[in-house]
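A short worksheet on the structure shown next.
Nothing in this text is a laboratory measurement; each read-out follows from the coordinates by a stated rule. What you see is a predicted model; the values in this text were computed from it and never measured. Heads up, the Cβs are rebuilt from the backbone with ideal geometry, glycines too, and the neighbour counts pull from every protein chain shown.
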Amino acid sequence: MAVKQQMMYEGKAKKVFLTDDPKLVIVDYKDDATAFNGEKKGQIVGKGALNNRIASIFFRLLESKGIPTHYVETLSEREMLVKKVQIVPIELVVRNIAAGSLAKRIGWEEGTILPKVVIEFYYKDDELGDPLINRSHIDVLNLATPEQIADMEEMARQINIHLKAFLADKNLLLVDFKLEFGVDADGNLLLADEISPDTCRFWDADTKEKLDKDRFRRDLGSVEQAYEEIFRRLGGVTQ
Ligand code: ADP
Ligand code: UDP
């Protein structure tokens, strides 16, 4: 059993703790919620525990499909044991349906099904507000090698296929989602960070009801209930 040691990092939604094993860290999921680059702040009661459980389900699914992830085990209500990685400072966004910033950028109505999967890269830099970047920018900033980019993109496409199929079975549409990757102590590229209603858009397939962080971003109400609904549909049991 890895023993929790000092906090290494506190982010907007999670804390990361070192352990007595240099290859492992513990991620602690918080109830804090932020949007619009930290301008909007709040708390979603029970979010940390729900996201920890939801992300655990997704990481186990992806591991079973052969996708290498940082996931080791779920330790407690809010804590997940993961492999420590050096995070590649790029957020990959995968989109199946136009929504959010893409709908604005290309002028398509939210909800329009994209004829092909769209993959975008954002520079993970809070001070710059995580700007959209392209391969030339990645190259010039030396954020990742062309091989790493190709591997991340291929993994992102596979992850999309597996998550979409899994969620379709629960009558959920996977509109879009954000992924982060990292390199572990042995040099392996792994899917890291989280997959949850904080980082994905999930819509009910029939009603198109939003069951994700857009309920917080857009003040739609019933935020906790939406996260609970996702957990329930994934097979989780809430009191
Ligand atoms: P932010 O940094 O955007 O506020 P979080 O609150 O989610 O985000 O903080 C978690 C941090 O931990 C993120 O910066 C994320 O990149 C990083 N992280 C995720 N998985 C790992 C891992 N396996 N090893 C090291 N760092 C990780
Ligand atoms: N996303 C995220 N973290 C970010 C930005 C986006 O997890 O810092 C996720 C977001 O939840 C959505 C997808 O990435 O599922 C696409 O987000 P978009 O670019 O539309 O941005 P937004 O509308 O959130 O500004």
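Quick notes on this structure:
- Additional length obtainable on full extension of the chain from ASN188 to GLU154, 0.36 nm per residue less Cα span: 10.8 nm
- Normalised convex hull volume, the chain, alpha-carbon set, Å³ per residue: 136 Å³
- This ranking places SER76, SER101, SER136 by how few other beta-carbon atoms lie within 10 Å of each, fewest first, which gives SER136, SER76, SER101.
- The slack between VAL140 and MET8, meaning 0.36 nm per residue of separation minus the straight C-alpha distance, is 44.6 nm.
- Kirkwood Rh in Å, taken over all unlike Cα pairs in the stretch 106-158: 12.9 Å
- Site pair ASP32 and VAL237 shows an inter-label distance of 3.4 nm when each label is modelled 7 Å from Cα along Cα→Cβ.
- For the stretch 170-239, taking the reciprocal of the average inverse distance between every pair of different Cα atoms yields a Kirkwood hydrodynamic radius of 13.4 Å.
- The 3J(HN,Hα) values that the Karplus relation (6.51, -1.76, 1.60; θ = phi - 60°) gives for the stretch 187-203 are, in residue order, x, 7, 7, 10, 5, 10, 6, 9, 10, 7, x, 6, 10, 10, 9, 10, 10 Hz. Gly and Pro appear as x.
- Sorted by Cβ neighbour density within 10 Å, fewest at the top, the residues ILE97, ILE195, ILE67: ILE67, ILE97, ILE195
- Restricting attention to the stretch 30-157, the count of lysine pairs at 8 or more positions apart or across chains with alpha carbons under 21 Å apart stands at 14.
- Note on the stretch 17-118: the alpha carbon radius of gyration divided by the globular reference 2.2 N^0.38 Å gives 1.32.
- For PHE216, PHE17, order by how many other beta-carbon atoms lie within 10 Å, fewest first: PHE17, PHE216
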